[in-house]
1. Would a scan of region 40-47 turn up a residue that is touching a residue at least 60 places away in the same chain (Cβ under 8 Å), more than 16 Å from residue 133 (Cα to Cα) and not assigned by TED's automatic domain parsing to the domain that holds residue 144?
2. In region 197-223, what residues are under 15 Å from residue 116 (Cβ atoms) and either in a loop (DSSP other than H, G, I, E, B) or touching a strand residue (DSSP E or B) at 6+ places or on another chain (Cβ under 7 Å) (or both)?
3. For residue 63, only one of the following conditions fails: (1) modelled with pLDDT of 85 or more; (2) in a helix (DSSP H, G or I); (3) over 20 Å from residue 125 (Cα atoms). What is its number?
4. Would region 176-193 turn up any residue that is over 20 Å from residue 216 (Cα atoms), buried (at least 17 other Cβ atoms within 10 Å of the Cβ) and assigned by TED's automatic domain parsing to the domain that holds residue 82?
5. From (1) in a helix (DSSP H, G or I); (2) over 25 Å from residue 117 (Cα atoms); (3) at pLDDT below 95, pick out the condition that doesn't hold for residue 170.
């Protein structure tokens, strides 16, 4: 009985040691990732995306290029790493500040306006970002973007659910599909603006009518 108790204590001690060690490694990994994203964002803003090299990013982050490639295989992946971290904050703030008494259309515009404001901070980087989002290189990065999009579509679906509760939309609509459609309208116009097929002013003129047209046929039938 005593022997079993001693073994158990050793096992508990070993597990605690592993947990502490794992916790330290995870903190160090997050710290290094933050250094990399800060360095990449600074250099992209200062020199432009195309002129920045991975070696410069590694040097500014004070790490070796081998360590850098453990977090991102290419400069394009680094751009997406920066985008993911910054957009998490942008999305969180946008949904946290949605005007509760507004209708669904104005709530959607509030969110998409926040996204546009983010891209307007550095249009050159936004150009590069849109190009890269169309052709993600690595499975890890692709999975990360998929997780981000699922979360975003889920938040839009919740706005749709609330609109259904308020009686703005029919109650039996497939919320996930509608959320994806609404985001796709925004994203297509974003691509046209950043691709310089339309001006920013044309984007502003088109986004509300395009979303409104999607929603118009989905309102409950009134007697």
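1. Yes: one or more hits.
2. 198, 199
3. All conditions pass for residue 63, except number (2).
4. Looking for residues that are over 20 Å from residue 216 (Cα atoms), buried (at least 17 other Cβ atoms within 10 Å of the Cβ) and assigned by TED's automatic domain parsing to the domain that holds residue 82, one finds at least one in region 176-193, hence yes.
5. With respect to (1) in a helix (DSSP H, G or I); (2) over 25 Å from residue 117 (Cα atoms); (3) at pLDDT below 95, residue 170 is out only on (1).
Conditions tested, residue by residue: (1) without any contact (Cβ under 8 Å) to a residue 40 or more places away in the chain; (2) farther than 15 Å from residue 148 by Cβ; (3) in contact with a strand residue (DSSP E or B) (Cβ under 8 Å, 6 or more places away or on another chain); (4) assigned to a helix (DSSP H, G or I).
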site: 91; (1), (2), (3), (4): no, no, no, yes
site: 108; (1), (2), (3), (4): no, yes, no, yes
site: 113; (1), (2), (3), (4): yes, yes, no, yes
site: 128; (1), (2), (3), (4): no, yes, no, yes
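The values are calculated or read from the model by the stated rules, or taken from the named source; none is laboratory data. Predicted, not measured: the structure shown is a model, and the values here were computed from it. Positions of Cβ are generated from backbone atoms using ideal geometry, with glycine treated the same way; all protein chains shown enter the neighbour counts.
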